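Notes to accompany the following structure.
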Amino acid sequence: MKLKLGILDQSPTIEGGSALQALQNSIDLATFADDAGFHRIVYSEHHGVEAYGSSSPEILSAVILSKTKRIKVGTGGIMMKNYSAYKIAEWTKMLGSLYPERFILGLGKAPGGLKDAVSALNNHRPVILSSQETKLEEIIQYIKEDKGIYHGLIAQPKGLSHLPEILWLGSGIQSATEAAKHGVGYSYADFMKNDKAAESTETYLNEFDRNQYSPTPSLQVAVAVSVAENLKQARYNAYGMAYQFLQARHIQAPEALLPTEIIEQRILGTEDEDEFFKIMDQMIIDTPENISERLKEKAEDYNTDEIMILCNMYRETDRMDTYKSIILANY
(Lines give C-alpha, C1' and ligand atoms only; values in the text may rest on other atoms or scores of the structure.)
Protein backbone atom coordinates (compact mmCIF):
# COMPACT_ATOMS: atom_id res chain seq x y z
CA MET A 1 0.00 0.00 0.00
CA LYS A 2 1.37 3.39 -1.01
CA LEU A 3 0.53 5.97 1.61
CA LYS A 4 -0.62 9.54 1.15
CA LEU A 5 2.02 11.36 3.14
CA GLY A 6 1.55 14.78 4.67
CA ILE A 7 3.49 17.12 6.93
CA LEU A 8 2.40 18.82 10.14
CA ASP A 9 4.83 21.73 10.40
CA GLN A 10 5.01 23.61 13.72
CA SER A 11 7.75 25.96 12.44
CA PRO A 12 10.04 24.94 15.33
CA THR A 13 12.65 27.35 16.63
CA ILE A 14 16.01 26.37 18.12
CA GLU A 15 17.94 27.73 21.09
CA GLY A 16 19.83 30.78 19.87
CA GLY A 17 17.79 30.91 16.67
CA SER A 18 14.88 33.11 15.60
CA ALA A 19 11.26 32.81 14.57
CA LEU A 20 12.18 34.35 11.23
CA GLN A 21 14.63 31.51 10.54
CA ALA A 22 11.97 28.99 11.57
CA LEU A 23 9.54 30.51 9.07
CA GLN A 24 12.14 30.43 6.32
CA ASN A 25 12.74 26.76 7.15
CA SER A 26 9.00 26.19 6.76
CA ILE A 27 9.05 27.77 3.31
CA ASP A 28 12.03 25.66 2.27
CA LEU A 29 10.38 22.50 3.59
CA ALA A 30 7.16 23.27 1.70
CA THR A 31 8.88 23.81 -1.65
CA PHE A 32 10.77 20.55 -1.14
CA ALA A 33 7.55 18.73 -0.22
CA ASP A 34 5.80 20.13 -3.29
CA ASP A 35 8.52 18.81 -5.60
CA ALA A 36 9.03 15.52 -3.75
CA GLY A 37 5.42 14.34 -3.89
CA PHE A 38 3.99 14.92 -0.41
CA HIS A 39 0.20 15.09 -0.50
CA ARG A 40 -0.39 17.95 1.92
CA ILE A 41 1.26 20.26 4.45
CA VAL A 42 -0.49 22.05 7.30
CA TYR A 43 0.65 24.63 9.84
CA SER A 44 -0.07 24.78 13.55
CA GLU A 45 -1.00 27.83 15.64
CA HIS A 46 0.85 28.75 18.83
CA HIS A 47 0.94 31.98 20.81
CA GLY A 48 3.30 33.36 23.42
CA VAL A 49 5.89 30.57 23.29
CA GLU A 50 9.47 30.54 22.04
CA ALA A 51 9.25 26.99 20.70
CA TYR A 52 7.29 27.71 17.53
CA GLY A 53 7.68 30.49 14.99
CA SER A 54 4.20 30.68 13.48
CA SER A 55 1.32 32.38 15.26
CA SER A 56 -0.79 32.81 12.09
CA PRO A 57 -1.13 29.59 10.08
CA GLU A 58 -3.63 31.20 7.72
CA ILE A 59 -1.03 33.79 6.67
CA LEU A 60 1.73 31.20 6.37
CA SER A 61 -0.62 29.04 4.29
CA ALA A 62 -1.24 31.93 1.90
CA VAL A 63 2.51 32.46 1.48
CA ILE A 64 3.13 28.76 0.89
CA LEU A 65 0.27 28.45 -1.59
CA SER A 66 1.82 31.26 -3.62
CA LYS A 67 5.21 29.50 -3.67
CA THR A 68 4.04 25.96 -4.53
CA LYS A 69 2.22 24.37 -7.46
CA ARG A 70 0.41 21.16 -6.54
CA ILE A 71 0.60 20.28 -2.83
CA LYS A 72 -2.45 20.89 -0.64
CA VAL A 73 -1.76 23.53 2.02
CA GLY A 74 -3.65 24.59 5.09
CA THR A 75 -4.07 25.23 8.77
CA GLY A 76 -3.49 22.50 11.28
CA GLY A 77 -5.19 24.12 12.92
CA ILE A 78 -6.88 27.40 13.71
CA MET A 79 -7.69 27.67 17.44
CA MET A 80 -11.36 28.49 17.11
CA LYS A 81 -12.16 29.91 20.52
CA ASN A 82 -9.99 32.95 19.76
CA TYR A 83 -11.81 34.06 16.59
CA SER A 84 -15.27 34.61 15.17
CA ALA A 85 -16.80 32.05 12.84
CA TYR A 86 -17.52 34.83 10.36
CA LYS A 87 -13.91 35.98 10.06
CA ILE A 88 -12.61 32.41 9.73
CA ALA A 89 -15.14 31.79 6.94
CA GLU A 90 -14.15 34.98 5.11
CA TRP A 91 -10.44 34.24 4.78
CA THR A 92 -11.19 30.55 4.16
CA LYS A 93 -13.37 31.48 1.20
CA MET A 94 -10.74 33.90 -0.06
CA LEU A 95 -7.97 31.26 -0.02
CA GLY A 96 -10.40 28.65 -1.32
CA SER A 97 -11.29 30.84 -4.28
CA LEU A 98 -7.71 31.84 -5.09
CA TYR A 99 -6.42 28.27 -4.72
CA PRO A 100 -9.36 25.96 -5.51
CA GLU A 101 -8.95 22.34 -4.36
CA ARG A 102 -5.63 23.17 -2.66
CA PHE A 103 -6.50 25.07 0.52
CA ILE A 104 -7.42 23.11 3.68
CA LEU A 105 -9.19 24.63 6.69
CA GLY A 106 -8.03 22.70 9.75
CA LEU A 107 -9.79 23.65 12.98
CA GLY A 108 -8.86 22.86 16.58
CA LYS A 109 -10.49 23.35 19.96
CA ALA A 110 -7.36 23.87 22.06
CA PRO A 111 -6.52 27.40 23.29
CA GLY A 112 -3.29 27.66 21.28
CA GLY A 113 -1.34 29.19 24.16
CA LEU A 114 -1.17 29.64 27.91
CA LYS A 115 -3.48 31.85 29.95
CA ASP A 116 -1.98 35.28 29.20
CA ALA A 117 -1.80 34.66 25.44
CA VAL A 118 -5.42 33.50 25.30
CA SER A 119 -6.50 36.53 27.33
CA ALA A 120 -4.64 38.90 24.98
CA LEU A 121 -6.19 37.23 21.93
CA ASN A 122 -9.62 37.82 23.40
CA ASN A 123 -9.00 41.50 24.21
CA HIS A 124 -8.57 40.69 27.91
CA ARG A 125 -12.19 39.62 28.12
CA PRO A 126 -13.19 36.24 29.57
CA VAL A 127 -13.06 33.54 26.91
CA ILE A 128 -16.55 32.45 25.87
CA LEU A 129 -16.61 28.72 26.51
CA SER A 130 -19.54 27.97 24.25
CA SER A 131 -19.52 24.83 22.15
CA GLN A 132 -16.84 24.90 19.49
CA GLU A 133 -19.05 22.54 17.51
CA THR A 134 -21.58 25.38 17.22
CA LYS A 135 -18.87 27.58 15.75
CA LEU A 136 -18.03 24.83 13.25
CA GLU A 137 -21.69 24.78 12.19
CA GLU A 138 -21.60 28.55 11.64
CA ILE A 139 -18.42 28.34 9.56
CA ILE A 140 -19.99 25.69 7.35
CA GLN A 141 -23.11 27.83 6.90
CA TYR A 142 -21.04 30.82 5.76
CA ILE A 143 -18.90 28.75 3.39
CA LYS A 144 -21.88 26.97 1.83
CA GLU A 145 -23.84 30.24 1.81
CA ASP A 146 -26.70 28.69 3.73
CA LYS A 147 -29.06 30.73 5.87
CA GLY A 148 -27.24 31.48 9.13
CA ILE A 149 -27.84 33.26 12.40
CA TYR A 150 -27.62 36.65 10.62
CA HIS A 151 -30.26 36.68 7.90
CA GLY A 152 -28.82 37.73 4.55
CA LEU A 153 -25.23 38.14 5.77
CA ILE A 154 -22.69 36.88 3.23
CA ALA A 155 -19.03 35.95 3.58
CA GLN A 156 -17.10 37.16 0.56
CA PRO A 157 -16.10 36.01 -1.97
CA LYS A 158 -19.35 34.37 -2.99
CA GLY A 159 -19.85 31.42 -5.29
CA LEU A 160 -16.78 29.23 -4.80
CA SER A 161 -16.21 26.71 -7.59
CA HIS A 162 -15.13 24.11 -5.00
CA LEU A 163 -15.84 23.95 -1.29
CA PRO A 164 -12.54 24.01 0.63
CA GLU A 165 -11.66 20.88 2.57
CA ILE A 166 -12.38 21.12 6.31
CA LEU A 167 -10.48 19.10 8.91
CA TRP A 168 -11.54 18.77 12.54
CA LEU A 169 -8.49 18.16 14.73
CA GLY A 170 -8.71 15.99 17.82
CA SER A 171 -7.46 13.14 19.94
CA GLY A 172 -10.66 11.80 21.48
CA ILE A 173 -14.05 10.26 20.81
CA GLN A 174 -15.98 13.53 21.17
CA SER A 175 -14.00 15.22 18.39
CA ALA A 176 -14.36 12.15 16.18
CA THR A 177 -18.12 12.14 16.71
CA GLU A 178 -18.39 15.85 15.88
CA ALA A 179 -16.36 15.46 12.67
CA ALA A 180 -18.50 12.52 11.56
CA LYS A 181 -21.75 14.30 12.37
CA HIS A 182 -20.90 17.30 10.19
CA GLY A 183 -19.30 15.36 7.36
CA VAL A 184 -15.85 16.95 7.63
CA GLY A 185 -12.41 15.38 7.70
CA TYR A 186 -10.85 14.19 10.93
CA SER A 187 -7.17 14.55 11.83
CA TYR A 188 -6.22 12.39 14.80
CA ALA A 189 -3.16 13.37 16.84
CA ASP A 190 -1.47 10.03 17.48
CA PHE A 191 1.45 11.82 19.17
CA MET A 192 -1.04 12.90 21.86
CA LYS A 193 -2.87 9.58 21.89
CA ASN A 194 -4.72 8.06 24.81
CA ASP A 195 -6.19 4.62 25.45
CA LYS A 196 -9.20 5.46 23.25
CA ALA A 197 -7.10 5.95 20.10
CA ALA A 198 -8.51 3.23 17.85
CA GLU A 199 -12.02 3.76 19.20
CA SER A 200 -11.87 7.43 18.19
CA THR A 201 -11.00 6.80 14.55
CA GLU A 202 -13.41 3.85 14.28
CA THR A 203 -16.16 6.11 15.59
CA TYR A 204 -15.40 8.67 12.90
CA LEU A 205 -15.41 6.14 10.05
CA ASN A 206 -18.50 4.30 11.28
CA GLU A 207 -20.62 7.37 12.04
CA PHE A 208 -19.61 9.61 9.13
CA ASP A 209 -22.65 11.35 7.62
CA ARG A 210 -22.24 11.41 3.82
CA ASN A 211 -25.17 13.82 3.46
CA GLN A 212 -23.39 16.69 5.18
CA TYR A 213 -20.41 18.85 4.14
CA SER A 214 -18.48 16.18 2.24
CA PRO A 215 -19.78 12.91 0.75
CA THR A 216 -16.69 10.89 1.74
CA PRO A 217 -14.76 10.59 5.01
CA SER A 218 -11.16 11.78 5.18
CA LEU A 219 -9.06 10.43 8.04
CA GLN A 220 -5.49 11.52 8.68
CA VAL A 221 -3.31 10.33 11.55
CA ALA A 222 -0.51 12.61 12.75
CA VAL A 223 2.57 10.84 14.13
CA ALA A 224 5.89 12.07 15.55
CA VAL A 225 8.78 10.59 13.57
CA SER A 226 12.58 10.55 13.61
CA VAL A 227 14.66 8.82 10.93
CA ALA A 228 18.46 8.54 10.81
CA GLU A 229 21.08 6.13 9.49
CA ASN A 230 21.14 4.24 12.79
CA LEU A 231 18.70 3.87 15.67
CA LYS A 232 20.95 5.55 18.23
CA GLN A 233 21.18 8.72 16.13
CA ALA A 234 17.46 8.65 15.34
CA ARG A 235 16.68 8.52 19.08
CA TYR A 236 19.11 11.32 19.87
CA ASN A 237 17.60 13.51 17.16
CA ALA A 238 14.14 13.06 18.71
CA TYR A 239 15.11 14.29 22.20
CA GLY A 240 14.22 17.92 21.51
CA MET A 241 10.74 17.10 20.26
CA ALA A 242 10.10 14.71 23.17
CA TYR A 243 11.21 17.34 25.67
CA GLN A 244 8.77 19.87 24.21
CA PHE A 245 5.97 17.30 24.50
CA LEU A 246 6.96 16.75 28.15
CA GLN A 247 6.81 20.47 28.88
CA ALA A 248 3.41 20.77 27.19
CA ARG A 249 2.06 17.88 29.31
CA HIS A 250 3.17 19.76 32.41
CA ILE A 251 1.28 22.88 31.23
CA GLN A 252 4.53 24.72 30.62
CA ALA A 253 5.37 26.90 27.66
CA PRO A 254 7.70 24.73 25.55
CA GLU A 255 11.18 26.12 25.06
CA ALA A 256 12.95 26.40 21.75
CA LEU A 257 14.57 23.13 20.69
CA LEU A 258 17.64 22.28 22.77
CA PRO A 259 20.69 20.17 21.93
CA THR A 260 20.42 16.53 23.03
CA GLU A 261 23.28 16.95 25.49
CA ILE A 262 21.44 19.70 27.39
CA ILE A 263 18.24 17.62 27.57
CA GLU A 264 20.15 14.64 28.93
CA GLN A 265 21.53 16.84 31.70
CA ARG A 266 18.03 18.02 32.56
CA ILE A 267 16.28 14.64 32.37
CA LEU A 268 18.56 11.79 33.42
CA GLY A 269 18.21 10.92 37.09
CA THR A 270 15.19 13.19 37.66
CA GLU A 271 11.55 12.44 38.43
CA ASP A 272 10.71 13.25 34.80
CA GLU A 273 13.00 10.60 33.31
CA ASP A 274 10.43 7.78 33.10
CA GLU A 275 7.76 10.02 31.56
CA PHE A 276 10.25 11.41 29.06
CA PHE A 277 11.22 7.99 27.76
CA LYS A 278 7.59 6.87 27.63
CA ILE A 279 6.99 9.83 25.30
CA MET A 280 9.97 8.70 23.24
CA ASP A 281 8.51 5.20 23.00
CA GLN A 282 5.31 6.60 21.48
CA MET A 283 7.25 8.08 18.57
CA ILE A 284 8.19 6.25 15.40
CA ILE A 285 11.98 6.13 15.52
CA ASP A 286 13.75 4.07 12.89
CA THR A 287 16.14 3.87 9.94
CA PRO A 288 15.45 4.54 6.24
CA GLU A 289 15.29 0.79 5.55
CA ASN A 290 12.43 0.22 8.00
CA ILE A 291 10.48 3.47 8.10
CA SER A 292 8.07 2.61 5.29
CA GLU A 293 6.85 -0.56 7.02
CA ARG A 294 6.53 1.25 10.35
CA LEU A 295 4.30 3.91 8.80
CA LYS A 296 2.21 1.33 6.95
CA GLU A 297 1.66 -0.55 10.21
CA LYS A 298 0.47 2.65 11.83
CA ALA A 299 -1.90 3.33 8.92
CA GLU A 300 -3.31 -0.20 9.18
CA ASP A 301 -3.86 0.26 12.93
CA TYR A 302 -6.16 3.18 12.16
CA ASN A 303 -7.67 1.91 8.90
CA THR A 304 -6.42 4.84 6.84
CA ASP A 305 -3.99 5.44 4.00
CA GLU A 306 -3.00 8.95 5.03
CA ILE A 307 -0.26 9.75 7.55
CA MET A 308 0.85 13.21 8.68
CA ILE A 309 4.46 13.50 9.80
CA LEU A 310 5.53 15.77 12.66
CA CYS A 311 9.28 16.19 13.02
CA ASN A 312 10.94 18.85 15.20
CA MET A 313 14.73 18.65 15.52
CA TYR A 314 17.54 20.86 16.78
CA ARG A 315 19.44 20.56 13.50
CA GLU A 316 17.33 21.47 10.49
CA THR A 317 19.38 19.11 8.32
CA ASP A 318 18.26 16.19 10.52
CA ARG A 319 14.62 17.26 10.17
CA MET A 320 14.95 17.49 6.39
CA ASP A 321 16.72 14.13 6.23
CA THR A 322 13.79 12.53 8.06
CA TYR A 323 11.29 13.87 5.50
CA LYS A 324 13.55 12.90 2.60
CA SER A 325 13.95 9.34 3.91
CA ILE A 326 10.21 8.96 4.39
CA ILE A 327 9.20 10.11 0.90
CA LEU A 328 11.93 8.01 -0.77
CA ALA A 329 10.85 4.93 1.17
CA ASN A 330 7.23 5.39 0.11
CA TYR A 331 7.96 5.14 -3.66
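The values are calculated or read from the model by the stated rules, or taken from the named source; none is laboratory data. Nothing here was measured: the structure is a model prediction, and the numbers come from that model. Note: ideal-geometry Cβ built from the backbone for every residue, glycine included; neighbour counts use all protein chains shown. Note: areas computed on protein heavy atoms with side chains; ligands, DNA, RNA excluded. Shrake-Rupley method; radii C 1.70, N 1.55, O 1.52, S 1.80 Å.
Things to note:
- Where Arg319, Arg70, Arg210, Arg294 fall by accessible area, highest first, once all protein chains stay in place (1.4 Å): Arg210, Arg70, Arg294, Arg319
- Simple spin-label estimate for Asp281 and Ile251 in nanometres, 7 Å along Cα-Cβ: 2.7 nm
- Distance violations [Cα-Cα > 26 Å] among Lys109/Lys144; Lys93/Lys296; Lys93/Lys196; Lys81/Lys193: Lys93/Lys296; Lys93/Lys196
- Relative to the dominant Cα principal axis of the chain, helix 132-144 is inclined by about 60°.
- In this rough spin-label picture, where each label sits 7 Å from Cα along the Cβ direction, the Asn290-Ser161 distance is 4.7 nm.
- Net charge contributed by nearby residues that have their C-beta within less than 15 Å of Tyr186 (K/R +1, D/E -1): -3
- Restricting attention to the chain, close to 5% of DSSP beta bridges with both partner residues there are antiparallel.
- Principal-axis tilt of helix 173-182 within the chain, Cα atoms, nearest 10 degrees: 40 degrees
- With Cα atoms defining each centre, the stretch 34-64 and the stretch 161-184 are spaced 20 Å apart in the structure.
- The stretch 1-119 shape via C-alpha gyration tensor axes, a/c threshold 1.5: oblate
- Accessible surface computed residue by residue for the stretch 192-254, with neighbouring protein chains in place and a 1.4 Å probe, gives 49 Å² per residue.
- Between Ile59 and Arg315, residue separation times 0.36 nm minus the direct Cα-Cα distance comes to 89.6 nm.
- Those residues of the stretch 176-198 whose amide nitrogen sits under 13 Å from the label point placed on Thr270, 7 Å along Cα→Cβ: none
- Bridgeable lysines around Lys69 (alpha carbons under 18 Å apart, same-chain partners fewer than 8 residues away excluded): Lys4.
- Extension gain from Asn194 to Asp28, taking 0.36 nm per residue of separation minus the Cα-Cα distance: 56.4 nm
- Build a GNM of the chain with springs between Cα atoms under 10 Å apart, and of Ile41, Ile143, Ile263 the one that fluctuates most is Ile263.
- Neighbour net charge for Asp286 - beta-carbon separation under 15 angstrom, K R +1, D E -1: -1
- Helix 239-249 axis, angle to the chain major axis (alpha carbon atoms, nearest 10°): 50 degrees
- For the stretch 67-89 and the stretch 212-266, distance of Cα centres in Å: 22 Å
- Aspartates and glutamates whose Cα lies under 17 Å from that of Lys278, excluding same-chain neighbours fewer than 8 positions away: Asp190, Asp195, Glu264, Asp286
- On the chain, 50 percent of the accessible area sits on carbon and sulfur atoms, based on a 1.4 Å probe.
- Taking all protein chains together and rolling a 1.4 Å probe, Met1 ends up with roughly 110 Å² accessible.
- Computed lengthening from Lys69 to Leu98, 0.36 nm per intervening residue step minus Cα-Cα distance: 9.2 nm
- Three-way shape label, the chain, alpha-carbon gyration tensor, a/c 1.5: prolate
- Three-way shape call for the stretch 189-229 based on the alpha-carbon gyration tensor, with the a/c threshold at 1.5: oblate
- MRE, 222 nm, helices only [DSSP H, n ≥ 4, -39500 (n - 2.57), over the chain, to nearest 500]: -13500 deg cm²/dmol
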